[in-house]
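J.: Dropping the structure in here first, questions after.
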Amino acid sequence: MGPFILGESNFFVSWRIESTCSRLTPDDVLLIDLHYLPCLDVMRGMAQATEVQIEAHENYHKQSYRNRCYVLTANGVDCLTVPVLNGTHRQRTRDVRIDYSQKWIDRHLRCLQSAYAKAPYFEYLMPDLEAILAQRLPLLFDLNWSLLTFCRKWARITTPVNLTEWYERDTPVGVFDARSRVIPAKRGETGLFGPQRPYLQNFGTVFEPNLSILDALFMGVANA
């Protein structure tokens, strides 16, 4: 089995075709916050939009996808969290620093190794992921930006992605404002960008929706 990159398969093309399931249209700009190893719903929205604007001037929100993701293990869904130093609602997300005094990288890598080592494309994606984490980037925003680039590369989502230049409470026509609308508390519900098509997962017989895009990438669902 040679190196694999997720491409224009029926699975990923369907993200665009089914865009009528949400109010986001192919002509819209998607405005959204920056997440840690984004969930499938967010990546689907990025594939649908004509452009993605990452909110770069918001205040930090706790208990959000900004510092966590969900993966599927033999024991069920697990939450991987990046600890931060004094992240508060009064602090800009771009200024939030990661707490490396906690051994969270080791925990994340052990979890992914245990859950996905036998997945079809683990050996191809994992070196890139490990290299990003090994940089120990001080700011959460910078880490998430690097990981988003990694995820877009392997999913071959070519929609242009830019950072906002200032914060706007109200958005103009043609901008789909998804800021703080994709949240962990609603992980099991129908996605903001339409229902998710089940794919083969590593564990269990019941499909777990809206995990980190890593779950789909490791499983190589584009070949399903």
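J.: With +1 assigned to the C-beta of every Lys and Arg and -1 to the C-beta of every Asp and Glu, and no other charges, what is the dipole magnitude of the chain about the Cα centre in debye, to the nearest 20? Before the final figure, lay out the partial values.
T.: Values: 24 positive and 24 negative charges, 103 e Å.
With only Lys, Arg, Asp and Glu charged at Cβ, the dipole is about 500 debye.
J.: Now a separate question. Given an 8 Å cut-off on Cα distances and at least 6 residues of separation, report the relative contact order of the stretch 10-223 as a percent. Walk me through the intermediate numbers first.
T.: Numbers: 370 pairs, mean separation 72.2, N = 214.
Over the stretch 10-223, the number comes to 34 percent.
J.: What distance in nm separates the simple spin-label points at GLU168 and VAL206, each placed 7 Å from Cα in the Cβ direction?
T.: Placing both labels 7 Å along Cα→Cβ, they lie 4.2 nm apart.
J.: Right, another one. Let me know the number of lysine pairs in the chain closer than 26 Å at the Cα, not counting same-chain pairs under 8 apart. Write out the running numbers ahead of the final one.
T.: Working: LYS62/LYS103; LYS62/LYS186; LYS103/LYS118; LYS118/LYS153.
Lysine pairs meeting both conditions in the chain amount to 4.
J.: If you don't mind, another one. Quick one: grab the alpha carbon gyration tensor of the stretch 86-167, order the square roots of its eigenvalues as a ≥ b ≥ c, and give me rounded if a/c is under 1.5, else prolate or oblate depending on whether a/b is larger than b/c. List each step's numbers first, then the result.
T.: Numbers: a/c = 2.81, a/b = 1.29, b/c = 2.18.
It comes out oblate by the Cα gyration axes.
J.: For ILE157, ILE183, which order do you get if you count the other beta carbons within 10 Å of each Cβ and list the fewest first? Kindly include the intermediate steps, with their values, before the conclusion.
T.: Numbers: ILE157 21, ILE183 15.
Arranged by neighbour count, lowest to highest, ILE157, ILE183 become ILE183, ILE157.
J.: A follow-up question, please. Going out from 0 in 5 Å bins, what whole percent of all Cα-Cα distances in the chain drops into each bin?
T.: 1, 7, 15, 20, 21, 18, 12, 6, 2, 0
J.: Still on this structure, please answer the following. At q = 0.13, 0.15, 0.18, 0.22 Å⁻¹, what base-10 log of I(q)/I(0) does the Debye formula yield for the stretch 119-224 when every alpha carbon is treated as an equal point scatterer in vacuo?
T.: Listed by q, the Debye log ratios stand at -0.66, -0.87, -1.19, -1.44.
J.: Around VAL84, which amide H atoms from residues at least 5 apart in sequence, or from another chain, sit under 5 Å from its own amide H, with H modelled in the peptide plane?
T.: For VAL84, whose amide H was placed from the backbone, the distant partners under 5 Å are ASP99.
J.: Taking the Cα centre of the stretch 114-205 as origin and charging only Cβ (+1 Lys, Arg; -1 Asp, Glu), how large is the dipole, in debye to the nearest 20? Numbers along the way, then the final one.
T.: Working: 11 positive and 9 negative charges, 63 e Å.
That gives a dipole near 300 debye.
J.: Please report, ordered by residue number, every helix of the chain (full DSSP H runs) that is 30 Å or longer along its axis going by C-alpha atoms and whose mean Kyte-Doolittle hydropathy reaches 1.0. Each step should come with its number before you reach the end.
T.: Details: long enough: none.
Both cut-offs are met by no helix.
J.: Label ALA185 and ASN59 with points 7 Å out from Cα along Cα→Cβ: what is the distance between them in nm?
T.: Calculated label separation equals 1.7 nm.
Each reported figure results from applying straightforward, stated rules to the coordinates on display, with no laboratory input. Bear in mind the structure is a predicted one, so any value in this text is a computation, not a measurement. Every residue, glycine as well, gets a Cβ built from its backbone with ideal geometry; the counts of neighbours run over all protein chains shown.
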